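Peer 1: The structure under discussion is supplied below as structure tokens; questions concerning it will follow.
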């Protein structure tokens with residue numbers, strides 16, 4: 001008697017060590033829930049992986065990390081894609097949707113410092129490496145003496161630049177270090193009152209085609225309800241403000257029972273003008289919570305800051 005042919009799902013991902021690790025996490029979870037399923041990981045090189053010598057803000061932002069993967073999803077070369085949610089643009093390509101948002105890993109940023117010096121104890125004028133304008137503006141707001149050095153490359157490459165560029169410290173997402181087993185490199189987890197994390201940071205999202213009901217039913221079993229509520233509010237905040245993945249905007253949602261507490265931040269590139277507020281709302285209405293916070297910040301000048309930042313970034317690309 002011949003065996004039943006096992007169904008194979010093609011899972012698209014970037015090819016970096018962290019992206020492949022994250023794809024492996026998704027593949028493993030799907031295999032546990034659907035033992036008859038074969039998941040084939042398909043690495044895809046994205047535009048963001050090609051322009052490693054230029055700051056993201058000068059080449060179009062983090063959306064460059066998903067463009068080619070979304071194209072492969074739309075034309076059927078892959079059945080699903082896994083992304084770091086913080087890399088996913090606020091608006092998805094038509095025909096695609098979030099099939100699941102997985103349980104969030106540590107959402108905070110992590111300082112990896114030479115001689116294990118904590119952030120506020122870094123020497124005056126210290127050189128800190130980061131690829132994020134969001135981090136840069138918050139660091140300069142609390143420590144205007146710091147020198148920010150732009151970093152690109154995968155996690156290990158950026159860690160190596162601590163030595164090769166003679167930096168005092170580098171800052172990366174704690175979640176990435178933890179997933180790669182590098183948590184022992186963390187000097188300090190930067191608390192949200194110092195550095196509000198990126199929208200969606202620490203969460204993985206599985207993107208699928210809207211009309212693929214079978215895949216939707218399979219990946220929905222990986223969805224973590226509380227993480228999805230919090231990140232839905234964060235992304236609604238970003239959409240209402242009209243910011244991109246590289247604009248210095250941050251938001252972090254936390255659930256307290258049936259209440260969702262959402263904190264948001266918008267800042268100018270030099271960090272001197274920084275707006276930050278928090279709102280509380282119903283966890284069951286995360287989109288509304290996100291929009292409410294965005295409106296509160298728009299009332300005190302967030303729109304003008306975002307316009308100014310966008311004009312400055314456009315000028316730098318010329």
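The values are calculated or read from the model by the stated rules, or taken from the named source; none is laboratory data. Quantities reported herein were computed from a predicted structural model and do not represent experimental measurements. All Cβ positions, glycine included, derive from the backbone under ideal geometry; neighbour counts span all protein chains shown.
Peer 1: Only one of 213, 183 is within 16 Å of residue 110 (Cβ to Cβ) and at pLDDT 95 or above. Can you tell me which? Outline the logic, then answer.
Peer 2: Values: 213 fails: within 16 Å of residue 110 (Cβ to Cβ).
Just one listed residue meets the conditions, 183.
Peer 1: Evaluate the stretch 238-247: report whether one residue or more is buried (at least 16 other Cβ atoms within 10 Å of the Cβ), touching a helix residue (DSSP H, G or I) at 6+ places or on another chain (Cβ under 7 Å) and in a helix (DSSP H, G or I).
Peer 2: Yes, the stretch 238-247 contains a residue that is buried (at least 16 other Cβ atoms within 10 Å of the Cβ), touching a helix residue (DSSP H, G or I) at 6+ places or on another chain (Cβ under 7 Å) and in a helix (DSSP H, G or I).
Peer 1: Let me confirm something: among 176, 202, which residue is part of a loop (DSSP other than H, G, I, E, B) and either in contact (Cβ under 8 Å) with a residue 60 or more places away in the chain or touching a helix residue (DSSP H, G or I) at 6+ places or on another chain (Cβ under 9 Å) (or both)?
Peer 2: Among 176, 202, only 202 is part of a loop (DSSP other than H, G, I, E, B) and either in contact (Cβ under 8 Å) with a residue 60 or more places away in the chain or touching a helix residue (DSSP H, G or I) at 6+ places or on another chain (Cβ under 9 Å) (or both).
Peer 1: Regarding residue 174, is this residue at pLDDT 95 or above and either in contact with a strand residue (DSSP E or B) (Cβ under 8 Å, 6 or more places away or on another chain) or closer than 20 Å to residue 201 by Cα (or both)? Give the derivation first.
Peer 2: Details: at pLDDT 95 or above: yes; either in contact with a strand residue (DSSP E or B) (Cβ under 8 Å, 6 or more places away or on another chain) or closer than 20 Å to residue 201 by Cα (or both): yes.
Yes, satisfied.
Peer 1: Tell me whether the stretch 126-139 contains one or more residues that are out of contact with any helix residue (DSSP H, G or I) (no Cβ under 6 Å at 6 or more places or on another chain) and free of Cβ contacts under 8 Å to residues at least 40 places away in the same chain.
Peer 2: no
Peer 1: Scan the stretch 210-237 for residues that are part of a loop (DSSP other than H, G, I, E, B) and under 21 Å from the mean Cα position of the chain (by Cα) and jot them down.
Peer 2: Narrowing the stretch 210-237 to residues part of a loop (DSSP other than H, G, I, E, B): 210-212, 223-224.
Once the filter is applied, which keeps residues that are part of a loop (DSSP other than H, G, I, E, B) and under 21 Å from the mean Cα position of the chain (by Cα), the stretch 210-237 yields 223, 224.
Peer 1: Against the condition in the same structural domain as residue 29 (by TED's automatic domain parsing) and either modelled with pLDDT of 95 or more or part of a strand (DSSP E or B) (or both), how does residue 207 come out, does it pass? Please lay out each step first, then the result.
Peer 2: Details: in the same structural domain as residue 29 (by TED's automatic domain parsing): yes; either modelled with pLDDT of 95 or more or part of a strand (DSSP E or B) (or both): yes.
Against the criterion (in the same structural domain as residue 29 (by TED's automatic domain parsing) and either modelled with pLDDT of 95 or more or part of a strand (DSSP E or B) (or both)), residue 207 qualifies.
Peer 1: Are any residues in the stretch 270-286 crowded, with 19+ Cβ neighbours inside 10 Å and modelled with pLDDT under 95, and if so, which ones?
Peer 2: The one that is crowded, with 19+ Cβ neighbours inside 10 Å and modelled with pLDDT under 95: 271.
Peer 1: What is the residue count in the stretch 143-154 for residues that are modelled with pLDDT under 95 and outside any strand (DSSP E or B)?
Peer 2: 4
Peer 1: A follow-up question, please. Would you mind finding the one in 135, 127, 143, 179 that is farther than 23 Å from residue 25 by Cβ and within 16 Å of the chain's Cα centre (by Cα)?
Peer 2: Values: 127 fails: within 16 Å of the chain's Cα centre (by Cα); 143 fails: within 16 Å of the chain's Cα centre (by Cα); 179 fails: farther than 23 Å from residue 25 by Cβ.
The unique qualifying residue is 135.
Peer 1: Name the one entry in 91, 98, 163 that is in the same structural domain as residue 216 (by TED's automatic domain parsing) and surrounded by fewer than 15 Cβ atoms within 10 Å (Cβ to Cβ). Full working, then the answer.
Peer 2: Working: 98 fails: surrounded by fewer than 15 Cβ atoms within 10 Å (Cβ to Cβ); 163 fails: in the same structural domain as residue 216 (by TED's automatic domain parsing).
Step by step, each of 91, 98, 163 is checked, and only 91 is in the same structural domain as residue 216 (by TED's automatic domain parsing) and surrounded by fewer than 15 Cβ atoms within 10 Å (Cβ to Cβ).
Peer 1: In addition: Scan the stretch 248-268 residue by residue and report those that are out of contact with any helix residue (DSSP H, G or I) (no Cβ under 7 Å at 6 or more places or on another chain) and outside any strand (DSSP E or B).
Peer 2: Answer for the stretch 248-268, where residues must be out of contact with any helix residue (DSSP H, G or I) (no Cβ under 7 Å at 6 or more places or on another chain) and outside any strand (DSSP E or B): 257, 258.
Peer 1: Of 213, 147, 183, which residue is surrounded by fewer than 18 Cβ atoms within 10 Å (Cβ to Cβ), free of Cβ contacts under 8 Å to residues at least 40 places away in the same chain and touching a strand residue (DSSP E or B) at 6+ places or on another chain (Cβ under 6 Å)?
Peer 2: The unique qualifying residue is 147.
Residues are listed down the side, and each one gets a yes or a no for (1) free of Cβ contacts under 8 Å to residues at least 12 places away in the same chain; (2) out of contact with any helix residue (DSSP H, G or I) (no Cβ under 8 Å at 6 or more places or on another chain); (3) on the phi < 0 side of the Ramachandran plot:
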site: 73; (1), (2), (3): no, yes, yes
site: 87; (1), (2), (3): no, no, yes
site: 94; (1), (2), (3): yes, yes, yes
site: 104; (1), (2), (3): no, no, yes
site: 108; (1), (2), (3): no, no, yes
site: 111; (1), (2), (3): no, no, yes
